[in-house]
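Heads up, the thing below is written out as structure tokens.
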Amino acid sequence: MSRAIIFAKTKIKCYFQGQHFRIMKFNSQILLVLTLFVFSIHLNAQQTKADSLEVLLQAHPVKDTQRINLLNKIASVSRYSDLEKTFNYASEADSLSDILNFRKGKAESLYLLGIYYIVKSELSEAMDKMQESLKIAVAVKDTSRISKSLNTIGIIYDFQGAVAFDSNGNE
């Protein structure tokens, strides 16, 4: 093969590789914009759902298990957009669960309070809430809550390990 043909093939190959890189860069930019757009829609939808649940809560002043479930649902939906709302609703659900002896609602509210404390980086308080939630979930045989509590306890242990040691394994 002559040098001219090899040179031409090399130039064509480099051109197309450069084009491929530009296309990939463009595609990754589009992907980033779409991801941000979808994420913003998701947060807006969560806020709309919380607002709808709050309307239902206002229409249901009776202090019963349905109210506890609504309080926990609002706390759960709000944890991505309004952490203080999560704390307030989960705390109210926790207190009402004690009054009504609604153990499943109590386990859920403790779990949500644990999530609140994780986000606030109060890991020992979060661990206490998760362990209380787990204990109640085991007692009422709520397998979904058991698995969520155990998973979150594992995450807290992981966070505590990350906090307790540096990258060289030194305390």
Report, in whole Å, the centroid distance computed from the Cα atoms of region 54-110 and region 119-158.
17
Using θ = phi - 60° and the Karplus form 6.51 cos²θ - 1.76 cosθ + 1.60, what ³J(HN,Hα) does each residue of region 102-119 get, whole Hz, x for Gly and Pro?
9, 5, 5, x, 5, 4, 5, 5, 5, 4, 5, 5, x, 4, 4, 5, 4, 4
Loop sites in region 131-160: trypsin sites (Lys or Arg not before Pro), DSSP, at most 13 other Cβ within 10 Å
K141
Sites I155 and K135, calculated FRET efficiency, Cβ-Cβ separation with R0 22 Å, nearest 0.05
0.75
Given a Förster distance of 35 Å, the FRET efficiency implied by the Cβ-Cβ spacing of N101 and S81, rounded to the nearest 0.05, works out to 0.65
Surrounding net charge for D94, when Lys and Arg each add one and Asp and Glu each subtract one, Cβ distance under 11 Å:
-2
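Computed from the coordinates by the stated procedures, all read-outs in this text should not be read as laboratory data. Quantities reported herein were computed from a predicted structural model and do not represent experimental measurements. Positions of Cβ are backbone-derived with ideal geometry, glycine not excepted, and every protein chain shown enters the neighbour counts.
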